[in-house]
Amino acid sequence: MKLIPTGAALAAEITGVDLRAITDADFDRIHRDWIHHLVLLFRDQHLTDEDLIAFSRRFGALDWAPVQETGRRFVEGHPEIYVVSNVIENGVAIGSLGAGEAVWHTDMSYIPDPPKASMLYALEVPPAGGDTGFLNMYAVYESLPPDLKRRVQGLQLKHDGTYNSGGYLRLGVDAVDDPVNSAGAVHPLVCTHPQSGRRALYLGRRRNAYITGLPLAESEALLEELWSYANRDELTWYNRWRPGDLVLWDNRCTMHRRDAFDSGARRIMHRTQIKGEARPAA
Ligand code: OGA
Ligand code: MN
C-alpha cells in the first residue's frame, strides 16, 4: 500500500490495495491517512454492493440512504446504498442528482446526527464532466480573519432539509423557501473534529441556511461573508472519475460539489454513508 498526496489542499491516493481483501492493520493505516488527508482515492477497484458495504462497515454502522427524488427507497436488498445517477430506465430515474451541477454541501447535515463519512464508488462515468470537488473546511476556518472567528464562535446554524444539492425537492417535504421556517437540523457553526481535535467551519449548504437567533438579514449577510471564504479554488481538489474509483470523504471537515455533464452520457455511482454523532461545538 502506498500513499500519494495530491499536493492540493486535501486528499491523497492510496495505491496497491484491493479493498475486498484488507487486513485490520491495513484498515488502521487507511483510517489514519483518511483523518490526516480528509479525502482518499482508491483506483481500479472491483466492488460489488456487498463489498462496498463490507468496506464501509469497517468505519462503523451505516445510515440508510436518503429517499431518492423519485420516491424509490433504495437498491433492492441494500438500504445502505444511495444511487447517484442520471440514467433513466423505463421512464424512471434509477438514482438522484440528475446531470446538472450539484452545489457545495456536506451529506445529510439536515439530520441531528449527520454521517461522519461517505464513500462514492464509480460504476459508469461520462467521457467528460461530472468531476467531484472537495473543499477543506479546516482551511476555510483557519483562513477567517480573527474578528470573524470571534463573531462565529458559539453561533448555531440551521441546515436545510428541503432541497438536495442538485436543487431537487426532497420527497415528502413542502417547498419552503424561507430560511427561518424551513425544515432542518441545527448544528454548531464551528465544530471540533472528534479525532483530529481541529476546528472546522460547518456550513452544510447555502440554500435556506439560517443562523438561529439572528434577524434573517443579518444571518444572510454573515453567511455571504463566510461563503466568500469557502469559495476558494486553492482549498479544493477535484476527482476526474474513472470506473472503479472509490472516494472516501470526511463529512465533518469537508464539503463537496459536482460539475454538470452531458445528460446524454451515463453516470452511475453507488454511495454509502457512515453514521455519525451530533457535531461537537468548538
Ligand atoms: C454524493 C454527492 C456528487 C457526485 O454522493 O453525496 O454529492 O459527484 N455526489 O456524484
Ligand atoms: Mn453529497
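The values are calculated or read from the model by the stated rules, or taken from the named source; none is laboratory data. On a predicted model such as this, the values are computed, not experimentally measured, just so you know. We place every Cβ from the backbone using ideal geometry, glycine too, and count neighbours over all the protein chains shown. Just so you know, the surface numbers come from the protein's heavy atoms only, side chains and all, with ligands and any DNA or RNA stripped out. Shrake-Rupley method; radii C 1.70, N 1.55, O 1.52, S 1.80 Å.
Some observations on this one:
- Condition check for Leu235: touching a helix residue (DSSP H, G or I) at 6+ places or on another chain (Cβ under 7 Å), away from ligand 1 (no atom under 14 Å from the Cβ), open to solvent by less than 50 Å² (accessible area, probe 1.4 Å) and closer than 22 Å to Val39 by Cβ: yes
- Test for Gly95: is it open to solvent by 20 Å² or more (accessible area, probe 1.4 Å) and either basic (Lys, Arg) or more than 15 Å from the chain's Cα centre (by Cα) (or both): no
- In the condition set (1) away from ligand 2 (no atom under 16 Å from the Cβ); (2) within 17 Å of the chain's Cα centre (by Cα); (3) touching a residue at least 60 places away in the same chain (Cβ under 8 Å); (4) open to solvent by 10 Å² or more (accessible area, probe 1.4 Å), Trp227 is compliant with all but (3).
- Output for region 11-27, where each listed residue is part of a loop (DSSP other than H, G, I, E, B), touching a helix residue (DSSP H, G or I) at 6+ places or on another chain (Cβ under 9 Å) and closer than 12 Å to Gln45 by Cβ: Val17, Leu19, Arg20, Ile22
- Condition check for Thr212 on (1) open to solvent by less than 10 Å² (accessible area, probe 1.4 Å); (2) of a type in the set (Val, Ile, Thr); (3) over 27 Å from Glu13 (Cα atoms): one failure, at (1).
- Matching residues, region 28-59, being closer than 20 Å to Lys275 by Cα, open to solvent by 30 Å² or more (accessible area, probe 1.4 Å) and either among the charged types (D, E, K, R) or not in a helix (DSSP H, G or I) (or both): Asp28, Arg32, Asp49, Glu50, Asp51, Arg57, Arg58
- Residue match in region 94-115 (condition: within 10 Å of ligand 1 (Cβ to nearest atom), farther than 20 Å from Phe261 by Cβ and in contact with an Asp or Glu (Cβ under 6 Å, 6 or more places away or on another chain)): yes
- Figure legend. Inter-residue proximity from region 81-92: first residues among the aromatic types (Phe, Trp, Tyr), second residues open to solvent by 10 Å² or more (accessible area, probe 1.4 Å), beta-carbon distance below 6 Å, spacing 6+ or different chains. Indicated pairs: Tyr82/Arg271.
- Count of residues meeting criterion [more than 12 Å from ligand 1 (Cβ to nearest atom) and surrounded by 18 or more Cβ atoms within 10 Å (Cβ to Cβ)] in region 249-265: 3
- Within the set Thr23, Thr106, Thr48, the sole residue that is within 28 Å of Val190 (Cβ to Cβ) and of a type outside the set (Asp, Glu) turns out to be Thr106.
- Where Leu120 falls short, out of the listed (1) touching a helix residue (DSSP H, G or I) at 6+ places or on another chain (Cβ under 7 Å); (2) open to solvent by 10 Å² or more (accessible area, probe 1.4 Å): (1)
- Residue match in region 199-222 (condition: within 22 Å of Pro5 (Cβ to Cβ) and among the acidic types (Asp, Glu)): no
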